[in-house]
1. Tell me, yes or no, whether the stretch 62-80 has at least one residue that is modelled with pLDDT under 95 and surrounded by 15 or more Cβ atoms within 10 Å (Cβ to Cβ).
2. Out of everything in the stretch 157-191 that is under 19 Å from residue 132 (Cα atoms) and in a loop (DSSP other than H, G, I, E, B), what residue ends up being nearest to the chain's Cα centre (by Cα)?
3. Which of (1) under 20 Å from the mean Cα position of the chain (by Cα); (2) surrounded by 15 or more Cβ atoms within 10 Å (Cβ to Cβ); (3) modelled with pLDDT of 90 or more is the odd one out, the single condition residue 228 does not satisfy?
4. So, of the residues in the stretch 92-111 that are in contact with a strand residue (DSSP E or B) (Cβ under 6 Å, 6 or more places away or on another chain), surrounded by fewer than 21 Cβ atoms within 10 Å (Cβ to Cβ) and within 19 Å of residue 206 (Cβ to Cβ), which turns out to be modelled with the lowest pLDDT?
5. Give the residues of the stretch 83-126 that are in a helix (DSSP H, G or I) and in contact with a helix residue (DSSP H, G or I) (Cβ under 7 Å, 6 or more places away or on another chain), sorted by residue number.
6. List pairs: first in the stretch 158-172 and more than 14 Å from residue 143 (Cβ to Cβ) and in the same structural domain as residue 137 (by TED's automatic domain parsing), second in a loop (DSSP other than H, G, I, E, B) and modelled with pLDDT of 95 or more, Cβ under 6 Å, 6+ apart or cross-chain?
7. Let me confirm something: among 219, 194, which residue is in a helix (DSSP H, G or I), under 21 Å from the mean Cα position of the chain (by Cα), surrounded by 12 or more Cβ atoms within 10 Å (Cβ to Cβ) and outside the structural domain of residue 30 (by TED's automatic domain parsing)?
8. Within the stretch 1-52, can you find the residues that are out of contact with any strand residue (DSSP E or B) (no Cβ under 7 Å at 6 or more places or on another chain), surrounded by 12 or more Cβ atoms within 10 Å (Cβ to Cβ) and not assigned by TED's automatic domain parsing to the domain that holds residue 233?
């Protein structure tokens, strides 16, 4: 069985590792003194369109503008009446255009953050993808009868036609009622984000992702995690509270 190791005794860094014996499967590091933006959702403004890069730069509230490749731009932001199959990026997007983006990768060195306009909102059992109806399904880690059972449960869910949905491994064994509860929460969250985005001009932060320890428990805590080790009483209490409120 895998173990989740949470190292929080160093003030400079919080580390979360997923290990199996001597094998390291994943490692996340958060620097408490540094603002973390990964997963945050912003209303931004396109400041420069670079045809040579097939990308644009977006002012979203950080000192450096974010980098948004064309492949990460949802078609809902393309200029109306333009054939996306034939047009270049300068025809599809306009400087000054406002756009909702999510940070995929933090800033590194002199490079700005990597952005996407394909928003994803993670709940306990599923991930909601607004304005992306072609995305979705069941996690690849779920196989056999469990996979088929989840597909049947998904058919019973009430989901807007313009949205996509992925059931996570934590959703395995959950019935349609439990999945719908999680989905309703995510739909309410997206409604709040959408309304906030319409309330004022860019750039500004709309939604802030959870701290690393909460993300780790939400994203990694599955049946194959046999043990969680935390070396800080404060973090242990935070983790226990989250598990009791959300997972248990």
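The values are calculated or read from the model by the stated rules, or taken from the named source; none is laboratory data. These figures come from a predicted structure and were not determined experimentally. A quick note on method: Cβ atoms are made from the backbone with ideal geometry, for glycine too, and the neighbour counts reach across all protein chains shown.
1. yes
2. 168
3. Answer for residue 228: the failing condition is (1).
4. Looking at residues that are in contact with a strand residue (DSSP E or B) (Cβ under 6 Å, 6 or more places away or on another chain), surrounded by fewer than 21 Cβ atoms within 10 Å (Cβ to Cβ) and within 19 Å of residue 206 (Cβ to Cβ), I get 105.
5. 89, 90
6. Matching pairs, first to second residue: none at all.
7. 194 is the lone residue from the list that is in a helix (DSSP H, G or I), under 21 Å from the mean Cα position of the chain (by Cα), surrounded by 12 or more Cβ atoms within 10 Å (Cβ to Cβ) and outside the structural domain of residue 30 (by TED's automatic domain parsing).
8. Correct list: 51 only.
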